[in-house]
Amino acid sequence: MVKQPSKYNTPKSKTKLPGKWHAVPLKGSFMLTAMLGFLISVYWVYPNNKSYGFTFLLVFAAMFVASLISMTKAPIVEKMR
């Protein structure tokens, strides 16, 4: 008995991955959320619970750094009318 290949088991086509890393443009609200979250974490969360406060500070700092990298390295995209 010969088993016929099904359409679900076929090998996927090879797609070329980009050779270089590309930054993605992020919205301005992402940076605003990072700054606001950092400030709230410093004044409210960190004094009440050190471990959660430190973790939130790290997350919002990483978000802020990502928004800065996006601002400087991302390609310029024109808005569509």
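Here are the numbers:
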item: Residues being under 25 Å from P25 (Cβ atoms), surrounded by fewer than 13 Cβ atoms within 10 Å (Cβ to Cβ) and among the small types (G, A, S) - total across region 46-71; result: 1
item: Count of residues meeting criterion [closer than 30 Å to K20 by Cβ and part of a helix (DSSP H, G or I)] in region 41-76; result: 16
item: Residues (in contact with a helix residue (DSSP H, G or I) (Cβ under 7 Å, 6 or more places away or on another chain) and either more than 30 Å from E78 (Cβ to Cβ) or basic (K, R) (or both)) located in region 23-36; result: none
item: Single match in G28, G53 (criterion: of a type in the set (G, A, S) and at pLDDT 95 or above); result: G53
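The values are calculated or read from the model by the stated rules, or taken from the named source; none is laboratory data. On a predicted model such as this, the values are computed, not experimentally measured, just so you know. Heads up, the Cβs are rebuilt from the backbone with ideal geometry, glycines too, and the neighbour counts pull from every protein chain shown.
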